[in-house]
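Participant: Attaching a single structure in structure tokens format; questions to follow.
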Amino acid sequence: MKINPMVYGVVVVVVFLGVIFGFQVAGVWSTSGKVDTSGKSIQPSAADVNTIKGWMTLEQVSTVFGVPAPEILSEFNLPADTPPSTALKDLESDTFDITKLRTWLQNRSNP
Amino acid sequence: MTARAVPSRVKPRLIGFKAIFTHQSFRTLVQLAFALFIVYITAVHISAGEASTNLTASPEAFCPFGGLETFYRYIVSGGTYVPHTHLSNLVVAAAVLITALLLRSAFCGWICPLGYIQDLIHNFSAWLQKHFIPYRKSIRTISQRGQPTWSFLDKYLRFIKYGVLIWSVTGAAIYGVMVFKDYDPWSALINFAEWTFTPGLVVLGLTLVGSMFVERPWCRYACPLGAASGLLGKLSPVYLKREADACTSCKICTNVCPMGLNIHTATTITSVDCVSCLECVGECPRESALEVKVGLPFMAK
């Protein structure tokens with residue numbers, strides 16, 4: 001069966017956006033680590049290292065997990081004068097990323 | 001003596017609205033709309049700042065490849081993501097893959113903003129060649145001298161994207177981070193405001209400069225999303241059909257193909273590299289020589 005190229009183009013847009021809108025209507029959509037799918041604010045929890053997100057600051061993680069910020073900086077070879085208000089995602093380097101921090105905190109709490 | 005097939009008649013010349021609003025101009029509008037959406041999202045996110053109380057989405061949240069990279073972690077960890085990805089990445093990835101399953105790699109040809117940028121640069125290069133003779137002569141000289149080597153390389157360089165796909169997806173699954181991010185030209189482009197030097201910036205530069213000489217170099221050789229989409233598109237019921245009896249083998253279709261496919265010699269065009277832009281269908285001067293068709297996947301077409 002032959003398809004008109006214009007119809008093909010319209011179907012492409014409808015299918016692509018249709019899938020996205022379908023998920024959104026079903027509540028399966030979130031574009032930020034700051035809120036969950038219901039729009040509720042996500043906060044770090046000492047009970048779960050997976051609640052650590054890139055937007056959180058060094059200070060937040062330090063307070064919630066009870067680890068002094070200088071210890072975190074030293075562990076990952078980060079500059080000692082890093083302001084505590086720095087977002088974790090802005091600290092990413094060869095020696096530091098969120099996954100490494102989660103693993104380290106997990107191992108630290110369960111030696 | 002057998003009668004030789006007579007090529008079909010020439011397509012009637014379009015006039016008025018029909019001449020302006022073709023599927024090709026519609027495709028350009030769709031590409032422009034998605035590119036402007038990303039520009040808007042990026043501008044809002046940068047102007048609001050990371051510490052803003054107003055929730056703004058990062059352009060990274062709309063990257064479909066992020067969805068492929070985080071998929072394994074999302075499944076095995078029961079709902080967590082590799083850093084820099086969100087639920088939206090998984091949803092957009094699903095939209096790209098479902099589109100591929102139904103309509104081949106149409107995302108690449110109709111929606112992807114990086115593909116659009118490469119199209120724009122190549123069109124600019126074509127415009128320069130038309131209006132500036134020294135530039136045209138330089139491009140022709142480079143093309144003629146490099147043609148034999150490039151034809152050989154082109155065939156093998158196309159396999160790089162499968163390696164990039166395997167490396168980036170398995171790397172994210174094993175290490176829990178986006179190992180491809182620092183090499184990703186799209187990531188380098190949408191994070192330009194951070195002013196950080198990454199290898200991705202070099203890849204972006206090579207892609208943009210390369211687009212002056214080769215159409216869609218990133219899509220042809222290295223795009224892992226295009227590789228995944230192209231492979232899944234093999235299951236699609238949609239394909240392009242060249243009617244040999246109606247075709248004059250004028251090679252216009254092959255010359256306008258942004259992915260450098262030999263369309264004028266094929267019977268059905270089901271290549272994993274086809275981005276379904278339908279430039280070949282639009283430019284074909286003959287009635288019924290090149291058409292979009294729907295059939296059963298894997299059946300004789």
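Participant: If I model the range B:80-132 as equal point scatterers sitting on the Cα atoms and use the Debye formula, what is log10 I(q)/I(0) at q = 0.27 Å⁻¹?
Facilitator: Listed by q, the Debye log ratios stand at -0.98.
Participant: Output the 0 to 90 degree angle, nearest 10, between the alpha-carbon long axis of helix B:23-48 and the longest principal axis computed from the alpha carbons of chain B.
Facilitator: 10
Participant: Could you list, by residue number, the cysteines of chain B that have no other cysteine's beta carbon within less than 4.7 Å of their beta carbon?
Facilitator: Those would be B:Cys63, B:Cys108, B:Cys112, B:Cys219, B:Cys223, B:Cys247, B:Cys250, B:Cys257, B:Cys274, B:Cys277, B:Cys284, since no other cysteine Cβ in chain B comes under 4.7 Å of theirs.
Participant: With each run of n ≥ 4 DSSP H residues scored as -39500 (n - 2.57), what mean residue ellipticity at 222 nm is computed for chain B after dividing by its residue count and rounding to the nearest 500 deg cm²/dmol? Walk me through the intermediate numbers first.
Facilitator: Values: 13 runs with 163 residues, N = 301.
Helix-only estimate at 222 nm: -17000 deg cm²/dmol.
Participant: Need one number: convex hull volume per residue for the range B:206-254, Cα atoms only, in Å³.
Facilitator: Working: hull volume 4.9 nm³, N = 49.
Convex hull volume per residue, Cα atoms: 100 Å³.
Participant: Now for a separate question. What full-extension length gain, to one decimal in nm, is calculated for A:Asp90 and A:Val35 as 0.36 nm per residue of separation minus the Cα-Cα distance? Kindly include the intermediate steps, with their values, before the conclusion.
Facilitator: Numbers: separation 55, 0.36 × 55 = 19.80 nm, distance 1.95 nm.
Computed gain between A:Asp90 and A:Val35 is 17.9 nm.
Participant: Using a 10 Å cut-off on Cβ to Cβ distances, tally the other chain neighbours for every residue of B:100-110 and report the average as a whole number.
Facilitator: Numbers: counts 0, 1, 5, 7, 2, 0, 7, 3, 0, 2, 5.
Average per residue, whole number: 3.
Participant: Calculate how steeply helix B:199-210 sits against the longest principal axis of the alpha-carbon atoms of chain B, using the helix alpha-carbon long axis, and give the answer as 0 to 90 degrees to the nearest 10.
Facilitator: For B:199-210 against chain B, the angle is about 20 degrees.
Participant: I would also like to ask the following. Any chance you could check the Cα centroid distance between the range B:186-258 and the range A:69-104 for me, in angstrom?
Facilitator: Comparing the Cα centres of the range B:186-258 and the range A:69-104, I get a distance of 38 Å.
Participant: Here is a follow-up. May I ask for the angle, rounded to the nearest 10°, between helix B:64-76 and the longest principal axis of chain B, with both axes built from Cα atoms and the value confined to 0 to 90°?
Facilitator: 50
Participant: How large is the convex hull of the C-alpha atoms of chain A per residue, in Å³? Spell out each step's value before the answer.
Facilitator: On the way: hull volume 20.0 nm³, N = 111.
It is 180 Å³ per residue.
Participant: Here's something else I'd like to know. Simple spin-label model, 7 Å along Cα-to-Cβ: B:Val39 to B:Phe132 in nm?
Facilitator: 2.2
Participant: Inside 10 Å of the C-beta atoms of A:21-30, what's the mean count of C-beta atoms belonging to other chains? Walk me through the intermediate numbers first.
Facilitator: Details: counts 2, 4, 7, 2, 0, 1, 1, 5, 7, 9.
The shielding value for this peptide is 4.
Participant: Here's another thing I want to ask about it. Just list whichever of A:Lys34/A:Lys89; B:Lys161/B:Lys181; A:Lys100/B:Lys181; B:Lys130/B:Lys161; A:Lys2/B:Lys155 have alpha carbons separated by over 22 Å in the model shown. Mind dumping the intermediate values first?
Facilitator: Values: A:Lys34/A:Lys89 13 Å; B:Lys161/B:Lys181 15 Å; A:Lys100/B:Lys181 16 Å; B:Lys130/B:Lys161 32 Å; A:Lys2/B:Lys155 31 Å.
The pairs that break the limit, which is 22 Å between Cα atoms, are B:Lys130/B:Lys161; A:Lys2/B:Lys155.
Participant: So, one more: Order of B:78-87, B:17-26, B:30-39 by packing, highest average Cβ count within 10 Å first?
Facilitator: Values: B:78-87: 20.7, B:17-26: 13.3, B:30-39: 16.0.
Highest to lowest by the protection proxy: B:78-87, B:30-39, B:17-26.
Participant: Let me ask something else. At 24 Å minimum axial length over the Cα atoms and a Kyte-Doolittle cut of 1.0, report the qualifying DSSP H helices in chain A, or say none. Please list the in-between numbers first.
Facilitator: Numbers: long enough: A:5-25 (29 Å, 2.32).
Answer set is A:5-25.
Participant: Here is a further query. So what's the back-of-envelope 222 nm ellipticity for chain A, counting only DSSP H runs of four-plus at -39500 (n - 2.57) apiece and dividing by all residues, rounded to 500?
Facilitator: Values: 4 runs with 48 residues, N = 111.
Only helices count here, giving -13500 deg cm²/dmol.
Since every read-out is calculated from the coordinates, none of them should be taken as a lab result. These figures come from a predicted structure and were not determined experimentally. Cβ atoms come from the backbone with ideal geometry, glycine included; neighbour counts cover every protein chain shown.
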